[in-house]
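Colleague: Shown below is the structure under consideration.
Each value in this text was obtained by applying a stated rule to the coordinates, not by laboratory testing. Keep in mind it's a predicted model, so treat the numbers as computed, not measured. Because the Cβ atoms are built from the backbone with ideal geometry, glycine has one as well, and the counts that use them run over all protein chains shown.
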Amino acid sequence: MEPTKVELDILAAARELFMEKGFAATSTTDIARKAGCNQALVHYYYRTKEKLFERIYTDAVTGTLSMISHVLDEPVDSLTMEDMVNNVIDVYFGTLRDNPRLPFFLVQELLLNPDRREFIREHFIHNDLRREAYSKYVRLVEKLQTEGRIRAIEPFDLLVNVVSLVAGTFLSLPIYAGLLEKTPAEQTAYLDGRKKEIKTVILSRLLP
């Protein structure tokens, strides 16, 4: 059954408020006010704030993993190493560009909220889509190493390199933008520059 407009408005409002204020500082009253509905509808559709968090997290993870899995399905022999690195980083970078506060929000919840941390851990570890995407990724890295197309590297280490560089860019964005009083255009240029630099760093580690 397709979600109603009110249901989607509530979800969008919760996502924006969670990213802006944090989970603990956001009330269902805040969410209802921003969504333009009464509080009873928030509880009717999602029951609790925790259920809203779980939905937002699940949507973000599922969407990203689906796109990365699709990129990994592309025929390896028809792509250069540069193409593959560019495609994966573009997908991950694009997801965070659409949700620039997501890394900070997840780090905050992982550090400060044991219940949320347990949900994230369980959902991520036992996520079939994650397992499938990671298995494809490991097979791809091992194949490329066997063929001599990339230098030896543990697949997990390569993954950590990409994740930390991309997520770190968005974690640093509020500092860059706020302390240095950068305009939206300058922030866009900063992100474009960081994406290009990250690709260069990863490729320099991989190419023989």
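Colleague: Under the Kirkwood approximation applied to all pairs of distinct alpha-carbon atoms, what is the hydrodynamic radius of region 1-47 in Å?
Modeller: 10.4 Å
Colleague: Another question, if that's okay. I need the helices of the chain that pass two filters: whole DSSP H segments spanning 20 Å or more by Cα along the axis, and mean Kyte-Doolittle score no lower than -0.5.
Modeller: Length and hydropathy pass: 5-21, 49-72, 81-98, 155-179.
Colleague: Enumerate the lysines that K136 could reach by cross-link, defined here as Cα to Cα under 27 Å, with residues fewer than 8 away along the same chain left out.
Modeller: Output for K136: K195, K196, K199.
Colleague: Which lysines have a Cα less than 26 Å from the Cα of K21, not counting those fewer than 8 places away in the same chain?
Modeller: Of all the lysines, those that pass the test against K21 - Cα under 26 Å, at least 8 places apart if same chain - are K5, K34, K49, K51, K182.
Colleague: Compute a Gaussian network model of the chain, connecting alpha carbons closer than 10 Å, and tell me which residue from Y92, Y44, Y134 fluctuates the most.
Modeller: Judging by the Gaussian network model, the answer is Y44.
Colleague: Using a simple spin-label model with points 7 Å from Cα along the Cα→Cβ vector, what separation in nm is obtained for L111 and L79?
Modeller: For the pair L111/L79, the computed spacing is 3.4 nm.
Colleague: What aspartates and glutamates sit close enough to K143 to cross-link, taking a C-alpha to C-alpha distance under 18 Å and skipping anything fewer than 8 places away on the same chain?
Modeller: D73, E74, D77, E82, D83, E132, E154, D157
Colleague: Compute the convex hull volume of the Cα atoms of region 96-208, divide it by the residue count, and report the result per residue in Å³ as a whole number. Mind dumping the intermediate values first?
Modeller: On the way: hull volume 13.2 nm³, N = 113.
So the per-residue hull volume is 117 Å³.
Colleague: Ok, one more. Work out, in µm²/s and without decimals, the Stokes-Einstein translational diffusion coefficient of the chain at 4 °C, 1.567 mPa s, Rh from Kirkwood over C-alpha pairs.
Modeller: 68 µm²/s
Colleague: Same structure again: Contour minus end-to-end for E132 and A152, with contour as 0.36 nm per residue of separation and end-to-end as the Cα-Cα distance?
Modeller: Extra length from E132 to A152 when fully extended: 4.9 nm.
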